[in-house]
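The values are calculated or read from the model by the stated rules, or taken from the named source; none is laboratory data. From a predicted model like this one, the values you see are computed outputs, not experimental measurements. So basically every Cβ, Gly included, is an ideal-geometry build from the backbone, and we count neighbours across all protein chains shown. Each accessible area value is taken on the protein alone, full model and side chains, heavy atoms only, with ligands, DNA and RNA left out. Shrake-Rupley method; radii C 1.70, N 1.55, O 1.52, S 1.80 Å.
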Amino acid sequence: MIYIFVSLFHLSSAAVTLNCSPQDDFDLPVFMTSGDFTIGGMFPLHYRVELPPTDYIKRPLAAQCRGFDPRAFRWALSMKLAVEEINNRKDLLSNHTLSYRIFDSCSTPVTAQKAILAVLNGGDVVQSSMCSGAGPLLGLIGESGSSQSIVLSRTVQPFQIPMVSISYFSTCSCLSNRKQFPTFFRVVPNDDYQVKAIAQLLKRFGWTWIGMVTEDHDYGRFALQGLKREIENTNICLAYHEMIPKDYTQERVLKILKVMKESTAKVVVVFSVEGEFYPFLREFVTQNITGIQWIASEAWVTASMLAETYPFLDGTIGFAIRQGHIPGLQNYLKTVTPERYPSNLQVQELWEALYGCSPSTTSLNSHLPSCTGKETLRQEHSAYMNTSSPRVAYNVYKAVYAFAHSLHNLVHCKPGNGPFENCSCANLNNVFPWQLQNYLEDVSFSIAGENVKFDNNGDSVPYYDLINWQRHTSGDIQFVKVGLYDGAQHSGRELVIEDIFTSSFSWETLTCVFSQVPVSVCNNNCAPGFRTAARRGQPLCCFDCVPCESGKISNQTDCMPCPEDYWSNANGTVCVPKVVEFLSHDAMGITLTVIAVVGAFLTVTVLLIFLYNRGTPIVRVNNSELSFFILLSLTLCFLCALVFIGEPTSWSCMLRHTAFSITFSLCISCILGKTLVVLAAFTATRPGNNIMKWLGPSQQRIIIFCCTLVQVIICTAWLTISPPFPYRNTKYTQSKIILDCSVGSDLAFWCVLGYIGLLACVCFFLAFLARKLPGNFNEAKYITFSMLIFCAVWLAFVPAYVSQPGKFTTAVEIFAILASSFGLLLCLFAPKCYIILLKPEKNTKQHLMGKVIK
């Protein structure tokens, strides 16, 4: 590395020392001509460098370039063709000639730096030259690799050497930084657009779990940063990232391959130049790794050498730079032969790479058989002769024309209208690179139907072709265009993949190629009814599937709640209408209906028995009219239970509570009247007691009417102010809609029940006082038991009513009505029916009053 710094120092001190001499033997240009304006070209004609051992005892030997690349040689010849084509035109740079000097960078930054120093040293690098005036070159076509372009720019900047360069293949987004690279231009899109395109491609095919392999240079590092930025807010995750080492070691590469083999990611994005990826693939073949779907960066997606050497890359997809057309390129390539260029070492290496023979006795590969150098170039030499869809070569072609059009505008500058100080123009005998850059920034021209111009960062319009590697019936791999990415389109519409191409994609799968999209996910989508749950310490793409909570359904990633009137099915897959629950004619409803009808039938039967035997003492005792009222009201009590069964409506809600309360009030009022008669009848037997004259039939009817009227008044006020109404209860249980009757006014509801309870308590108290009065048939005892049952039932009803939801609330209320009604019916009328039907001999006044007669 010493010779580089010495040379730089020599350049920086050129203003003082006019006699410049090189400090080392620089490599001569591969091709060079002379003319009015000279531009340089730098191409990676070799894809690796071998560093000789250094013991520091003798002068270190120069690094040796190895691995000739016919594809890059085609790029260099495209520049040569473009310059010759421009010089033959009358409408571009007329009366001026364009010349070139083409160098080999060997695809490494160190060798590229050595080459740029050779470029800066001027025309005759083996003799001293004067270091005055403008530099030997006005501009540079190059470099291919981003790292090499960075090295070139940073080599000349510290010494204020304004070397304008147009890169044909450097895509690192870092080169768009105008502060760091003010003289850098390129006719290839920067990687910010490529990573956007790749991210959209991953989304389109559902690849959420990917691996990434990059070269250990700025090109790979910035691509990694850009792709991470693009997938940051998506469901795409990076399974691993590995870097191909700068200093190739088998041990490090095997570690990378082990990671790839053990990973479940089947899609691998590779950002690497062809030269560094080639030896990596050589080790990949030996590891028996299958099922990888490769996504290639623009640096190798059209690399014919890789396609020919490694057939397992069949199915690779990636974004290639825009293809164009270079007229006459194929015929021009056929003119470059060892016979025409016998002293050009690179042409000899081309023949060695294409034919496996040496056209010269001075070749480094002496083990190769000799040949004449007159062999015919054939189409099967695709790495060199594939000119059907030039891409990188077309970029080189455009770059040369960009310089030519800029120089044309510079040459035709009119004094007084120039862009420089005092509106001056450039001195055509001493043009400086910074003057050319002024024109290059504003250049705009059309070539092969494409408009070429640069933005403020020196970038060109972002446009890519989507390429798929497909094996032809002949066995050769072809690069088929299956879509495009146009960065000038609106967001979301940049990537276009025609439907006709989707089915024709060639995909790399486990054993062979099929026309189906491979799958690369950390986890399969959750089944319907399940949602994703992130795993601790793992990317979001790796998750567990857990069932959705009740009332929610799954869209395979998250659970969504159902609308208010809907609920999830058992599998959590769809929302179904909630079950509307009310006491209908189901098993419970039918059972209660039957019991209510049986109760009403029994009550009517007893009523008929009493009517038939109304003249007997057992019926006439204690006012038979009250007994008929009680039986009638009990019948209504049984029947009003039927109003509680069925779907609640406005009328049924108002009727059920009012009917129940009024009929029970009537029933208890009659029992109260009967209790008062029993108590008065036995009390009236005492001398001087004429209480019975105040409890005659009229007075009894008034008591019953007044007691019932109070309940009627309460119910009327209730229905007027806040009547009961049907409502849908969705809060108590989320899986059902409870259709029930709201009482409207809780105060009115409990007043109704409280009033019935008050009547029952008064009746119970009076009957309890009369329970030990004399007589064979003391009805007060049966009234006491009936009231005891009645109060017990309704006291138990209160907590059950409050705690039971839905239709069970209604069922509890019906049960309380039926239980208390049966209690009254059995306690009051069963003993009398027993005497009437089974013991008629006891149905006499003497028997009933036996104890009194004694």
Could you report the accessible area of Val480 in Å², rounded to 10, computed with a 1.4 Å probe on the protein chains as they sit in the structure?
40
Interchain or long-range residues, amide H under 5 Å from His46's placed H:
Asp69, Ser105, Cys106, Ser107
Residue separation times 0.36 nm, minus the C-alpha to C-alpha distance between Glu283 and Thr605: what's the value?
105.6 nm
Under the 7 Å Cα-to-Cβ spin-label approximation, Ala488 and Tyr727 lie apart by a distance in nanometres of 6.7
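Dipole magnitude of the chain about its Cα centre, charges +1 at Lys/Arg Cβ and -1 at Asp/Glu Cβ only, in debye to the nearest 20?
I would put it at about 6100 debye.
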Taking amide H atoms as placed 1.01 Å from N in the peptide plane, list the residues 5 or more away in sequence, or in a different chain, whose amide H sits under 5 Å from that of Gly318.
Ala296, Ile467
Nearest 10, in degrees from 0 to 90: the angle of helix 70-87 to the longest Cα principal axis of the chain is 60
With only helices counted (DSSP H, runs n ≥ 4, each -39500 (n - 2.57)), the per-residue ellipticity at 222 nm for the chain, to the nearest 500, works out to -14000 deg cm²/dmol
For Phe768, Phe610, Phe312, give me the order by solvent-accessible area with a 1.4 Å probe, most accessible first, ignoring ligands, DNA and RNA.
Phe768, Phe312, Phe610
Taking N as the number of residues in the stretch 530-579, what value does Rg over Cα atoms divided by 2.2 N^0.38 Å take?
1.28
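Could you tell me how many cubic angstrom of Cα convex hull volume the chain has per residue?
Details: hull volume 244.2 nm³, N = 854.
So the per-residue hull volume is 286 Å³.
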Largest-first ordering by accessible area, 1.4 Å probe, given options Tyr394, Tyr801:
Tyr801, Tyr394
Take peptides 714-727, 51-64, 833-846 and line them up by average Cβ neighbours within 10 Å, highest first, as a rough protection proxy.
714-727, 833-846, 51-64
Ser568 long-range amide H proximity, modeled H, under 5 Å:
Gly551, Lys552, Val576
Between helix 807-838 and the chain: long-axis angle, C-alpha atoms, 0 to 90°, nearest 10:
20
Ignoring ligands and nucleic acids, Phe73 exposes an accessible area, probe 1.4 Å, in Å² to the nearest 10, of 0
Per residue of the stretch 348-360, in order, report the coupling 6.51 cos²θ - 1.76 cosθ + 1.60 (Karplus, θ = phi - 60°) as ³J(HN,Hα) in whole Hz, putting x for Gly and Pro.
5, 5, 4, 5, 5, 6, 7, 10, x, 9, 10, x, 9
Once ligands and nucleic acids are excluded and a 1.4 Å probe is used, how much of Thr234 is accessible, expressed in Å² to the nearest 10?
40
In degrees, nearest ten, helix 697-721 long axis to first principal axis of the chain (Cα)
10
The percentage of the accessible area of the stretch 530-579 (probe 1.4 Å, all protein chains present) made up of carbon and sulfur atoms, to the nearest whole number, is 53
